[in-house]
Amino acid sequence: MDGGESAHCRYHNEESARWHCPPCDLYLCQLCKPKAAQLPMDVTCPLCDEPMRDLAIGELFWITPHKHLSYPLAPNLLIFIATLTLIGMLAPAGLMLLVFVVVAFLACTWIGLHVFRTSSQGQTNAPAASALANIKTLGSFKPFLGATMILLGLVAAGWWLVPFLFAPLLTLLVAALLPASLMMVAITGSLKAAFDFEGLYQLAQRLGMAYIVLAALVLFLILTPATVLVPLTAVTPEWLHRGLLILLQTYAAILIFRFTGVALFQHQRILGHDTNLAPGQSMDLPEPDDYEPELALSTAIIQSKEGLVKEARWTLGQMLTRHPNHPELNKQFEQLLIDENEYKELTSHINRRLKKLAADRDQEKTVETWMRVKPTLGKWLPASGSDRHWLGYALAEEGQEREGLRVLLSLPKDHPKYQRLSEACTTASNIMEKSLGDNAGAEKLREVVRKKIRGRHSTPSDFI
Ligand SMILES: [Zn+2]
Ligand SMILES: [Zn+2]
């Protein structure tokens with residue numbers, strides 16, 4: 001038992017799992033992968049970076065195809081297959097047989113539509129008798145029947161008219177087209193879409209490997225019934241041979257609709273967002289600004305919990321190049337560098353961050369960031385004079401006057417290249433006077449400025 005349905009998230013015990021990575025045996029819930037269920041791309045494992053299984057869609061049809069073999073044996077469908085076989089065996093040759101073939105084809109396609117539809121909605125049980133008798137589905141039956149008739153009619157005509165040359169090729173072509181055509185009819189509701197080859201190609205491409213397997217399965221199911229009966233031709237009477245053929249073909253037809261429906265269901269996340277494929281039906285795609293940082297944060301937290309610190313740093317660092325101002329991303333990244341004692345990395349990050357916050361004039365975040373990293377950074381101060389000036393000003397404005405003064409006045413006061421000294425001292429003197437009531441200190445600072453300016457006039461070479 002793989003326990004997928006009942007498994008719980010490794011990090012949220014209360015939540016049932018939505019994603020599973022078999023190699024890592026990692027189960028994650030929707031909280032661990034925020035908004036991932038709405039996204040058309042693969043959900044990757046935070047530990048190994050490989051795509052995760054979506055537990056909501058069950059096991060992929062092409063990994064466990066045998067699990068679907070018993071689907072046509074559900075009572076409703078079995079009764080249908082048996083009835084069709086019996087009538088087929090009893091039907092006399094000639095016109096009556098032709099009528100039977102037409103009626104059987106219509107009935108099969110009708111059942112097929114319901115099998116396809118319920119399968120594409122994720123149902124595992126065969127459609128109920130009441131659903132099969134529901135005449136309201138007639139509207140969607142027409143394009144569905146049209147596509148089936150044209151494609152399977154081609155195969156029949158091929159084997160009838162040119163058995164040895166083109167028939168196998170034609171069958172191959174139909175097997176490649178049929179699943180995509182049926183999906184397109186289901187998505188768009190129009191027969192025209194079933195033969196819009198560009199659209200079909202796009203759809204097949206999106207399903208990738210799964211589509212190739214699906215087409216191969218369809219080819220196998222079209223060819224097998226007649227082929228396995230060939231050795232029996234000589235030993236069985238005609239009516240029995242016909243009955244067996246009908247039995248196997250109906251069983252195979254139901255499986256074709258089943259597999260195609262399941263494939264559509266399992267890839268709806270990928271197909272649902274493509275407006276070219278599904279006009280008017282596409283889901284709302286979340287904004288990258290919204291889901292990218294959230295997903296990265298959650299991934300980095302899991303990676304940190306599992307001791308994959310380098311990976312967590314990479315996850316956050318990569319996302320910061322796309323969303324450099326995301327406050328939570330920055331906070332997590334800084335915390336990671338603090339925890340890992342990455343002093344040099346942290347100082348260069350803070351230099352960049354302060355520059356950005358200064359450009360945005362965001363006092364609150366500037367102070368919040370600074371107060372958080374200050375204990376780790378000790379006496380370190382931003383490299384650029386203008387950033388220090390901004391930082392000191394923001395600190396004083398947000399009620400951290402003493403720290404503001406420290407930042408402003410720790411400047412190399414006599415450094416000849418520091419051109420903002422006068423501004424820094426003026427700002428500091430204002431803080432002293434207004435917020436701290438230290439008029440004497442403020443006056444002393446102003447004197448420094450006046451001296452500097454006079455000094456600059458007398459010896460300009462100091463400032464080169
Ligand atoms: Zn979780
Ligand atoms: Zn994994």
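The values are calculated or read from the model by the stated rules, or taken from the named source; none is laboratory data. Note that the structure is predicted; figures quoted are calculated from it, not measured. No Cβ is skipped: glycine too gets one built from the backbone with ideal geometry, and neighbour counts run over all protein chains shown.
Is at least one residue of region 60-70 in contact (Cβ under 8 Å) with a residue 12 or more places away in the chain, under 42 Å from the mean Cα position of the chain (by Cα) and within 16 Å of ligand 2 (Cβ to nearest atom)? Outline the logic, then answer.
Looking only at region 60-70, we keep the residues that are in contact (Cβ under 8 Å) with a residue 12 or more places away in the chain, and these are 60-62, 65, 68-69.
Next, only the ones that are under 42 Å from the mean Cα position of the chain (by Cα) stay: 60-62, 65, 68-69.
Add one more test, that the residue is within 16 Å of ligand 2 (Cβ to nearest atom), and what stays is none.
The answer is no, given that none of the residues of region 60-70 is in contact (Cβ under 8 Å) with a residue 12 or more places away in the chain, under 42 Å from the mean Cα position of the chain (by Cα) and within 16 Å of ligand 2 (Cβ to nearest atom).
Could you tell me which numbered condition CYS9 fails, if it satisfies all but one of (1) more than 16 Å from ligand 1 (Cβ to nearest atom); (2) more than 21 Å from PHE265 (Cα to Cα)?
(1)
Does LEU86 fit the bill of being more than 16 Å from ligand 2 (Cβ to nearest atom) and within 30 Å of ARG242 (Cα to Cα)?
yes
Within region 315-338, track down each residue that is surrounded by fewer than 20 Cβ atoms within 10 Å (Cβ to Cβ) and more than 20 Å from the chain's Cα centre (by Cα).
GLY317, THR321, PRO324, ASN325, PRO327, GLU328, LYS331, GLN335, ILE338
Out of all the residues in region 8-20, is one or more within 15 Å of ligand 2 (Cβ to nearest atom), touching a strand residue (DSSP E or B) at 6+ places or on another chain (Cβ under 6 Å) and among the aromatic types (Phe, Trp, Tyr)?
Yes, region 8-20 contains a residue that is within 15 Å of ligand 2 (Cβ to nearest atom), touching a strand residue (DSSP E or B) at 6+ places or on another chain (Cβ under 6 Å) and among the aromatic types (Phe, Trp, Tyr).
Is it true that some residue in region 13-23 is in contact (Cβ under 8 Å) with a residue 24 or more places away in the chain, over 30 Å from GLU238 (Cα atoms) and among the acidic types (Asp, Glu)?
Taking every residue of region 13-23 in turn, none turns out to be in contact (Cβ under 8 Å) with a residue 24 or more places away in the chain, over 30 Å from GLU238 (Cα atoms) and among the acidic types (Asp, Glu).
Find the residue count for region 21-33, including only residues that are crowded, with 17+ Cβ neighbours inside 10 Å and either over 14 Å from the mean Cα position of the chain (by Cα) or more than 14 Å from ligand 2 (Cβ to nearest atom) (or both).
Summing the residues that are crowded, with 17+ Cβ neighbours inside 10 Å and either over 14 Å from the mean Cα position of the chain (by Cα) or more than 14 Å from ligand 2 (Cβ to nearest atom) (or both) in region 21-33 gives 6.
Just checking, which of LEU169, LEU138, LEU165 is at pLDDT below 90, outside any helix (DSSP H, G or I) and not β-branched (Val, Ile, Thr)?
None of the others qualify; the one that does is LEU165.
State yes or no: is PRO40 under 21 Å from PRO293 (Cβ atoms), more than 16 Å from ligand 1 (Cβ to nearest atom), touching a residue at least 24 places away in the same chain (Cβ under 8 Å) and of a type outside the set (S, T, N, Q)?
So PRO40 passes the test.
Please specify each residue of region 241-257 satisfying the condition of being within 32 Å of the chain's Cα centre (by Cα) and surrounded by fewer than 24 Cβ atoms within 10 Å (Cβ to Cβ).
LEU255
What helices (runs of 4 or more DSSP H) lie completely within region 343-403 and have 3 or more residues being farther than 25 Å from LEU436 by Cβ and in contact (Cβ under 8 Å) with a residue 24 or more places away in the chain?
Hits in region 343-403: 343-360.
Any residue in region 311-321 that is among the basic types (Lys, Arg), part of a loop (DSSP other than H, G, I, E, B) and not assigned by TED's automatic domain parsing to the domain that holds PRO34? So that I can check it myself, show each step before the final result.
Residues of region 311-321 that are among the basic types (Lys, Arg), as a first pass: 313.
Of the ones still in play, those that are also part of a loop (DSSP other than H, G, I, E, B) are none.
No, the conditions are met nowhere in region 311-321.
Select, from PHE259, PHE333, PHE265, the only residue that is aromatic (Phe, Trp, Tyr), at pLDDT 95 or above and within 30 Å of LEU191 (Cβ to Cβ).
Result of the check over PHE259, PHE333, PHE265: PHE259.
Which residue, of GLY88, GLY112, is in the same structural domain as GLY243 (by TED's automatic domain parsing), in contact (Cβ under 8 Å) with a residue 40 or more places away in the chain, buried (at least 18 other Cβ atoms within 10 Å of the Cβ) and within 19 Å of ILE256 (Cα to Cα)? Working first, answer last.
Values: GLY88 fails: within 19 Å of ILE256 (Cα to Cα).
Only one candidate passes the filter, namely GLY112.
In this structure, is PRO40 surrounded by fewer than 18 Cβ atoms within 10 Å (Cβ to Cβ), more than 16 Å from the chain's Cα centre (by Cα) and not in a helix (DSSP H, G or I)?
Working: surrounded by fewer than 18 Cβ atoms within 10 Å (Cβ to Cβ): yes; more than 16 Å from the chain's Cα centre (by Cα): no; not in a helix (DSSP H, G or I): yes.
No, not satisfied.
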